[in-house]
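Participant: What follows is a structure written as structure tokens; I'll ask about it next.
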Amino acid sequence: MKIRVGIVGYGNIGKGIEQVIKQNPDIELAAVFTRRTPENLKINTQGVPVYSLDKAESMTDKIDVMILCGGSSKDLPEQTPKLAALFNTVDSFDTHAKIPEYLEQVNKAAVNKTAVISVGWDPGLFSMMRMFTGAVLPDGSTYTFWGHGLSQGHSEAIRRVDGIKARKSDGLKLAAQYTVPNKQAMERVRNGENPELSVRDKHLRDCYVVPEDSADLERIEREIKNMPDYFEPYDTRVSFISVEEFEANHTKMPHGGFVFRSGSTGENKHIIEFALKLESNPEFTASIMLAYARAAVRMSGEGNFGAKTVFDVPLSYLSPTDRAILIKELL
């Protein structure tokens, strides 16, 4: 029997979920939930119903797991606790500094359900690599570099600022943020120098914004640069551009990054490097979320309820392949 998935929010990640479900024969898309007018939302999968989000509570018998695709700054803190009380859930909450309190909030709600939070590649896969490599090389330092690429979470945060022009066709605010790694800092890590690097030493936040005609540009730039957690700790560059330039150069969503662990065992030095190069950030993130949706349903079936992170999910639960076959073929 297939796992029935509900998508909450039909933005970039929601569309990515819809796309990669086609590659997972054990999963089917049961419904899409939106805060927009359902009749006006056209999705790509024929025959799948679209409902208003406030109808979700009446569909607990039709959905095995909800995948929440909203933004971390406003949507998920409100939506996840409500839905985790009713459904198994997976989300991609990515405000690293607030994950502990978010986990506690969701855990209180998920009394009889399984809610896997902060799923993606960072937080997510990169978190696992930081934990794993630190356990393997306890005497050492971990370094994470993101980019060069478009950050969905940071771009969404920019779009919350007043005075940014919206695209007429779909209402999307025209703003994008690229994370740019410092190549010199990366090479120092690769060379085994174990440098002490601040967040400002490692990355630049590069923002491109289409302002409304009467917008206060100085205010927009100030609000972006002083946004806690997202931009305030970094060197941030804000460029104001035209609609035409945005549509020509800033509509694709590549990304990637690196996790390094530089350590030693006695007199011998070791470096572990894990790298991602992604042509579509949302589709790759969606692929990870689907794997954890499968795991959430399995854990829930065992009565393993509450809020979980990627550290708490057995690796074999991510795969549609039987554990015995995984051991035989991959171990």
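Participant: Kindly establish whether MET227 is hydrophobic (A, V, I, L, M, F, W, C), at pLDDT below 95 and in a loop (DSSP other than H, G, I, E, B).
Facilitator: no
Participant: Could you grab me the full set of residues in the stretch 271-311 that are charged (D, E, K, R) and free of Cβ contacts under 8 Å to residues at least 12 places away in the same chain?
Facilitator: GLU302
Participant: Cβ-Cβ below 6 Å, separation at least six or inter-chain, first residue in the stretch 248-264 and over 30 Å from SER169 (Cα atoms), second modelled with pLDDT of 95 or more and of a type in the set (S, T, N, Q): which pairs?
Facilitator: Short answer, once both residue conditions are applied: VAL259/THR144; ARG261/THR133; ARG261/THR142; SER262/SER141.
Participant: May I pose another question? What is the number of the single condition among (1) touching an Asp or Glu at 6+ places or on another chain (Cβ under 9 Å); (2) at pLDDT below 95 that ASP170 does not meet?
Facilitator: (1)
Participant: Which residues, counting only those in the stretch 43-71, are in contact (Cβ under 8 Å) with a residue 12 or more places away in the chain, part of a loop (DSSP other than H, G, I, E, B) and farther than 16 Å from THR114 by Cα?
Facilitator: Once the filter is applied, which keeps residues that are in contact (Cβ under 8 Å) with a residue 12 or more places away in the chain, part of a loop (DSSP other than H, G, I, E, B) and farther than 16 Å from THR114 by Cα, the stretch 43-71 yields ILE43, ASN44, THR45, VAL48, PRO49, MET59, LYS62, CYS69, GLY70, GLY71.
Participant: When the stretch 293-303 is examined, which residues are found to be surrounded by fewer than 24 Cβ atoms within 10 Å (Cβ to Cβ) and closer than 11 Å to LEU318 by Cα?
Facilitator: ARG294, VAL297, ARG298, MET299, listed by residue number.
Participant: Any residue in the stretch 173-183 that is modelled with pLDDT under 95 and part of a helix (DSSP H, G or I)?
Facilitator: Among the residues of the stretch 173-183, at least one is modelled with pLDDT under 95 and part of a helix (DSSP H, G or I), which makes the answer yes.
Participant: Here is a further query. Every residue in the stretch 313-324 that is assigned to a helix (DSSP H, G or I) and without any contact (Cβ under 8 Å) to a residue 24 or more places away in the chain, please.
Facilitator: Residues satisfying the conditions are LEU315, SER316, TYR317, ARG323, ALA324.
Participant: Please give the number of the condition TYR102 fails out of (1) within 22 Å of ASP170 (Cβ to Cβ); (2) in a helix (DSSP H, G or I); (3) among the aromatic types (Phe, Trp, Tyr).
Facilitator: Status for TYR102: all satisfied but (1).
Participant: Scanning for something crowded, with 19+ Cβ neighbours inside 10 Å and under 25 Å from ARG261 (Cβ atoms), does the stretch 184-196 turn up at least one residue?
Facilitator: Yes, some residue in the stretch 184-196 is crowded, with 19+ Cβ neighbours inside 10 Å and under 25 Å from ARG261 (Cβ atoms).
Participant: Does at least one position in the stretch 132-152 carry a residue that is at pLDDT below 95 and in a helix (DSSP H, G or I)?
Facilitator: yes
Participant: Another question, then. If I ask for residues that are crowded, with 23+ Cβ neighbours inside 10 Å and either outside any helix (DSSP H, G or I) or not assigned by TED's automatic domain parsing to the domain that holds ASN112 (or both), which ones from the stretch 72-89 would you list?
Facilitator: Hits for the stretch 72-89 are SER72, PHE87, ASN88, THR89.
The values are calculated or read from the model by the stated rules, or taken from the named source; none is laboratory data. What you see is a predicted model, and the numbers here were worked out from it, not measured in a lab. Glycine also receives a Cβ, built like all others from the backbone with ideal geometry; neighbour counts cover every protein chain displayed.
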